[in-house]
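Colleague: This is the structure, below, for whatever I ask next.
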Amino acid sequence: MPRLADALAAPLIFEQGQAGRANRYFPRHAESADAYLPAEAIRPELPLPDNSELDVVRHFTRLSQRTFGIDTAFYPLGSCTMKYNPRINDAMANLPGLRDLHPFAPDELAQGALAIMWELERALSSLFGMAEFSLNPAAGAHAEFAALLIAKAYFRTRGETRRTTVIVPDTAHGTNPASAAMVGYKVVSLPSDKRGRVDPDELKKVLGSDTAVCMMTNPNTLGLFEDRIKEIADAVHDAGGLMYYDGANANALMGNSRPGDMGFDLMHLNLHKTFSIPHGGGGAGAGPVGVAAHLVPFLPSPRVERNGEEFSLQFELPESIGPMRSFWSNFAHVVRALAYICANGEEGLTKVSQLAVLNANYIRASIRDVLETPYDEPCRHEFVATAQPLKRETGVRALDIAKALLDRGYHAPTIYFPLLVPECLMIEPTETESKETLDGFIAALREIVQQAHDDPVAVQCAPIETVVGRVDETKAAREPDLRWRP
Ligand SMILES: *Cc1c(COP(=O)(O)O)cnc(C)c1O
C-alpha cells in the first residue's frame, strides 16, 4: 500500500510535464474549430498539461492503485453487499449486439434485448414472490420513490387520499424516510423492541385510517429476521395500508423465502448489491420495483410485453406512474444481473444466501468475546457489534477501529448505523469470501481490540499506512474543496 509520503510527493497531472512533451500522432487543426463552433464558444486558451504518453499512463495507473475496491481486498461494508463481481457478467454486457444497441431501436430489431428484460423481470418475480417487476428505476432509493408513487396512485384511484402517513421502523435505511418525505408522506418512526425487531402491538398503536404504507427491511439492518412479519403484515392490511419491502440487501433471502409470501405488496431490489454488479462512488445502479397483482397497472412505463415469441415495449398504460428515467433501464446492469442468475441457477442462488449467512455468523461468533454483539443470536447476512464497552474502558471508539482496519488492509465496516446501537460496527462479509480471508479479518479485529487495551493512542492515530490519514469529516462533508487552482 502506498505511503503518505509517496502520495504527497506525487504531483498532480497539471503539475507535471513540459511544453511540447505530449505525443502528437496527428497534426493539429486548431484553426478548423472556428469552422464548426461559434466564436464565443471557443476558449482563448486551454491550459491542459503537456505530458508524454508514458507519464500519463504512469500517473493514472498510480492513482488506480490507490483506490480500494472489492478487487483489491475484503470490503465488509454492512448494508452494502460488496461481493465479487463475476467477470462473465461483464463479458455478457459487452456483447456487441447488446452493448451497441441504440435505445430507440425499433422493437423488431431489439428482440434479444427485450427478451433479456422480460426474462429478468420474470426471474425476479418468481424469486421474490411478486406478480411483476419493472426494471425502470435507476437505484435503490429511486425505486423506493417509485414504489411510494405507486402506492399514492393506488390510493388516489380508490379515493383514499386521506392516507398520508408512512411508518418506518428505526432500523430502516435512511433512504426510506427520505423517499417517503419526497412523495409528500408524513413519516412516523417506529422504535424497535428489545429483540431489535418491530413489535406488532406497538405497530398497532400507530396504525390508523391515515396509514398509507409500512416500509420494512427483512432481515432488518441489525441482520435480524422479523419473525412476526405475518402478524405485522396482517395488522397493516387490516388498517387498509400497504406493506413495502426494502430488498436492497436480499442476500440472506434469495432462494430461501419470498417477500410476496410474507404479505408484502411492493418491494425493490438493488441489482447492484445482491446480484453482484460493481457499485459505489455514485456509479450506475439498478433498482427494480416489484408489486403484487393489484398494483401492476401502476408500474412505471414502458413495460416489456410478450406476445407468443414476440416482445414489445408498451407505452399505453393509462394508470402507470409514468417513466422514472430516460430510456428503459440501466440496461448493462440488467444483462449483468441476468447473467448472474443464469450462471448460479436457482440452487446456486439459494447457496449464495446460505453462505452469506454462514460467513456473517462465523465472524460474529469469532469476535463476540472481544466486541459486544448487542443482539446475541444467530444473524442473517450481516450483524452489528458495539464498541461502547471498549470505549468506556479504553477511549477507543468504533471510528478508531474502522481506521485501524484500513492500516491492516481491510475496508472498514459500516459504522454508526443503525443509529439505535451506540458505537455501532455493521459487518457484512458476503458469500464470496474464503475462510482464510474471514480468519485474517477476525485476527485483525482481535488485534485492534488488544491494542486498544495496550496502547489506545496508537489505535486513535490510525490510519498511518494509507495515502490520506484522518480527515476532518465534518469539514470534508460541509466544505469539500475538490478544485485544483494553479
Ligand atoms: C443501499 C440501500 C438502499 C439504497 O440504495 P441506493 O441504490 O444506494 O439508492 C436502500 N435500502 C437499503 C437497506 C440499502 O442497503
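The values are calculated or read from the model by the stated rules, or taken from the named source; none is laboratory data. What you see is a predicted model, and the numbers here were worked out from it, not measured in a lab. Here the Cβ is made from the backbone with ideal geometry for all residues, glycine too, and neighbour counts use every protein chain on show.
Colleague: Can you find, within segment 275-292, the residue that is farthest from the ligand (Cβ to nearest atom) among those that are assigned to a loop (DSSP other than H, G, I, E, B) and surrounded by 24 or more Cβ atoms within 10 Å (Cβ to Cβ)?
Modeller: SER276
Colleague: So, GLY159, is that one surrounded by fewer than 20 Cβ atoms within 10 Å (Cβ to Cβ), free of Cβ contacts under 8 Å to residues at least 24 places away in the same chain, on the phi > 0 side of the Ramachandran plot and not in a helix (DSSP H, G or I) or not?
Modeller: yes
Colleague: Condition first: surrounded by 10 or more Cβ atoms within 10 Å (Cβ to Cβ) and at pLDDT 65 or above. Now tell me which residues in segment 28-42 satisfy that.
Modeller: Those that are surrounded by 10 or more Cβ atoms within 10 Å (Cβ to Cβ) and at pLDDT 65 or above: ASP34, LEU37, ILE42.
Colleague: Sticking with this structure for a sec: Cβ-Cβ below 8 Å, separation at least six or inter-chain, first residue in segment 250-275 and within 23 Å of VAL213 (Cα to Cα), second of a type in the set (Asp, Glu): which pairs?
Modeller: GLY263/ASP234; MET267/ASP246; HIS268/GLU144; HIS268/ASP246
Colleague: Please work out which residue is farthest from PHE441 (Cα to Cα), limiting yourself to segment 370-395 and to residues that are free of Cβ contacts under 8 Å to residues at least 60 places away in the same chain and of a type in the set (Gly, Ala, Ser).
Modeller: Among those that are free of Cβ contacts under 8 Å to residues at least 60 places away in the same chain and of a type in the set (Gly, Ala, Ser), it is ALA387.
Colleague: Give me a count of the residues in segment 232-274 that are over 19 Å from TYR84 (Cα atoms), in a loop (DSSP other than H, G, I, E, B) and in contact with a strand residue (DSSP E or B) (Cβ under 8 Å, 6 or more places away or on another chain).
Modeller: 6
Colleague: Let me ask another. Of these, GLU231, GLU226, which one is surrounded by 23 or more Cβ atoms within 10 Å (Cβ to Cβ) and either over 22 Å from the mean Cα position of the chain (by Cα) or over 19 Å from LEU355 (Cβ atoms) (or both)?
Modeller: GLU226
Colleague: When you check ALA105 against the structure, is it within 14 Å of the ligand (Cβ to nearest atom) and either surrounded by fewer than 22 Cβ atoms within 10 Å (Cβ to Cβ) or among the hydroxyl-bearing types (Ser, Thr, Tyr) (or both), yes or no?
Modeller: Spelling it out, it is not the case that ALA105 is within 14 Å of the ligand (Cβ to nearest atom) and either surrounded by fewer than 22 Cβ atoms within 10 Å (Cβ to Cβ) or among the hydroxyl-bearing types (Ser, Thr, Tyr) (or both).
Colleague: Quick check on my filter: what residues within segment 301-333 are within 16 Å of the ligand (Cβ to nearest atom) and assigned to a loop (DSSP other than H, G, I, E, B)?
Modeller: Of everything in segment 301-333, those that are within 16 Å of the ligand (Cβ to nearest atom) and assigned to a loop (DSSP other than H, G, I, E, B) turn out to be MET324, ARG325, SER329, ASN330.
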